[in-house]
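K.L.:
If you scroll down you'll find the structure; I have some questions about it.
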Amino acid sequence: MCHDAAFLFVADGRSVLHGNDARLTAAQARRAKHLAGDRLDVMALQASGASWHPICYEYPAAEMAELSASKRMSKLRSVQRLVRQTAPELAVPFAGPPCFLDAEVARLNWVLDQKDGAFCDPEVATDWLREHLPAQHFDHFKPGDSLDLDTGEIVRDPVSAGFTFADAARDPYLERYAADRAPHIAGVFAENPEPGPGLFDRFAAHFEYLGGLSDYFLRQIAMLVRFEVTGPHGGTWDVRLSPDGVSVGEAAPDARPHYRITTAGRWVESVLSGRMAWEDLLISFRLSLYRDPDVYNDHLVGLLKHANAPALQAVEAYETERDWSERITVEWDGGRYDIPRYCPHAGEDLAVGAIVRDGRVHCLAHNFSFDLATGVCVNARAANLTSRRIG
Ligand code: FES
């Protein structure tokens, strides 16, 4: 289930906090526990994210390995931190990893590698968490397993018990699974046919429409995005988003794009015709991306994702009307720094939702990192942290 919200169930004196896909902060998790009568019987947490970064990016192998390892680790650490601060009776690493059954994306199944993949499976996550929080009770579940909240007894489903994420078992399993799902995958292709003539004109009209939705987003994006659209009626097209508006044209050979997005025309056509949202395309991983400089632009993704004026206005209001007056002090390498309490990105409470390491404040909500000396966000385009050394 993908819902972007946590659920707290309390019944008959038992409580379950379902935090999968919810980006719960430690403060929210503690509050949920308090609401449940200061006891959580089960807390399910997302130990494996579902994100196209770095998986769909065109990184050299060594950089991809490094980014994947850091993605795994930051997810595990954030689960560890939430569990440590919430102390449920039983913590359950949940979700992921994805697997890819369609030949177009089957190359991405390397992300399942138990040691080097970008996503952690529940077996690996449970082992890691048990090792790092030995006093805490962890377990993971498979389809059909049941847990008795009164006795703590777990009954394992006999069919699911035969399944393992282990590397050696993976390829034959995926082959069988892909064969089983082949008719459904063929159905997806049938529902999203190759585009007809005039794809460029529809593409240009779409971005001109998006560009008219929010001047604020255009100012924040201010970049050239190149689309390489493969297949019939495709081409290489530049979308320039700037405070002056949006212009779309054939790629200019001497222009250097900040983002390059490569995908098949059939998926672009589906977005343009409203069968699919940009976010669906991104999360389908049926595209590859490159960016230079390698800095995330939250507003570009936000514009594609929300694509309607009221939602963009709500984001603008949130970002421009925030109260920056509340400040906290953090320490690094013998120095003391004054920083705002709330993250400049989306308002995570940095007093509990950040770690300070290597001279940077790492916000754990979406992993933006801010240099303490300058306040600059080093891995995304975001407002300055306005940090100040005070001792
Ligand atoms: S709130 Fe998103 S990185 Fe801090």
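K.L.:
With each pseudo-label sitting 7 Å past Cα toward Cβ, what's the ARG156-GLU331 distance in nm, one decimal?
P.N.:
4.7
K.L.:
Right, here's the next one. In nm, to one decimal, how far is the modelled label at ALA135 from the one at GLN313, with both set 7 Å along Cα→Cβ?
P.N.:
5.2
K.L.:
A follow-up question, please. Each residue of segment 99-106 in order: what ³J(HN,Hα) in whole Hz does its phi give by Karplus 6.51 cos²θ - 1.76 cosθ + 1.60, θ = phi - 60°, with x for Gly and Pro?
P.N.:
Result, rounded to whole Hz: 10, 10, 9, 8, 4, 4, 10, 4.
K.L.:
What are the residues whose amide H is under 5 Å from the amide H of ARG341, where those residues sit 5 or more places off or on another chain and H is modelled from the backbone?
P.N.:
Excluding prolines and chain starts, which carry no amide H, the hits are GLU326, ARG327, ILE328.
K.L.:
Quick check: residue separation of ALA69 and ALA380 times 0.36 nm, minus the Cα distance between them. What number comes out in nm? Working shown, then result.
P.N.:
Values: separation 311, 0.36 × 311 = 111.96 nm, distance 1.89 nm.
Working it through step by step, the gained length comes to 110.1 nm.
K.L.:
Let me ask another. Quick one: Cα centre-to-centre distance for segment 94-133 and segment 1-55, in angstrom?
P.N.:
After rounding, the separation between the Cα centres reads 20 Å.
K.L.:
Let me ask you something else. Using a Cα-Cα cut-off of under 23 Å, which lysines could be cross-linked to LYS33, ignoring same-chain neighbours fewer than 8 residues away?
P.N.:
Excluding near neighbours in sequence, the set is LYS75.
K.L.:
Taking amide H positions as placed 1.01 Å from N in the peptide plane, with prolines and chain starts having none, which residues 5 or more places from ALA47, or on another chain, fall under 5 Å of its amide H?
P.N.:
PHE94
K.L.:
If you restrict to DSSP beta bridges whose two residues both lie in segment 1-132, what percentage is antiparallel, to the nearest 5? The partial results should precede the final answer.
P.N.:
Working: 5 of 14 bridges.
The answer is about 35 percent antiparallel.
K.L.:
A follow-up question, please. Considering only VAL295, VAL79, VAL268, give the residue with the highest GNM mean-square fluctuation for the chain, with springs between Cα atoms whenever their separation is below 10 Å.
P.N.:
VAL295
K.L.:
How big is the C-alpha Rg of the chain next to the rule-of-thumb value 2.2 N^0.38 Å, as a ratio? Walk me through the intermediate numbers first.
P.N.:
Values: Rg = 22.8 Å, N = 391, 2.2 N^0.38 = 21.3 Å.
Here the answer is 1.07, to two decimals.
K.L.:
Any aspartates and glutamates with Cα under 15 Å of the LYS71 Cα? List them, leaving off those in the same chain fewer than 8 positions away.
P.N.:
The reachable aspartates and glutamates, counting only those whose Cα sits under 15 Å from LYS71, are GLU63, ASP113, ASP116, ASP121.
K.L.:
From the helices alone, meaning DSSP H stretches of at least four residues, give me the mean residue ellipticity at 222 nm for the chain, per-run term -39500 (n - 2.57), in deg cm²/dmol to the nearest 500.
P.N.:
-10500 deg cm²/dmol
K.L.:
Follow-up. For GLU66, GLU89, GLU348, what's the largest-to-smallest order of accessible area, 1.4 Å probe? Don't skip to the end; give the middle numbers.
P.N.:
On the way: GLU66 135, GLU89 90, GLU348 20 Å².
Per-residue accessible area, sorted high to low, gives GLU66, GLU89, GLU348.
K.L.:
Another question, then. With every protein chain present, what is the per residue accessible area of the chain (1.4 Å probe, Å²)?
P.N.:
With the other protein chains kept in place, the chain gives 49 Å² per residue.
K.L.:
What ³J(HN,Hα) values, in whole Hz, does the Karplus curve 6.51 cos²θ - 1.76 cosθ + 1.60 give for segment 171-183 when θ = phi - 60°, with x put for Gly and Pro?
P.N.:
Per residue, the Karplus-derived 3J(HN,Hα) values read 4, x, 5, 5, 4, 5, 5, 5, 5, 5, 8, 3, x Hz.
K.L.:
What's the local net charge at THR320, with K and R +1, D and E -1, over the other residues with C-beta under 14 Å away? Mind showing how you got there, number by number?
P.N.:
Working: positive: ARG219, ARG322; negative: ASP215, GLU316, GLU319, GLU321, ASP323.
So the surrounding residues net to -3.
The values are calculated or read from the model by the stated rules, or taken from the named source; none is laboratory data. No experiment lies behind these values; they were computed from the predicted model shown. Quick reminder, even Gly has a Cβ in these numbers, built from the backbone with ideal geometry, and neighbours come from all protein chains shown. Remember, those area values only see protein heavy atoms, side chains included, never the ligands or the DNA or RNA. Shrake-Rupley method; radii C 1.70, N 1.55, O 1.52, S 1.80 Å.
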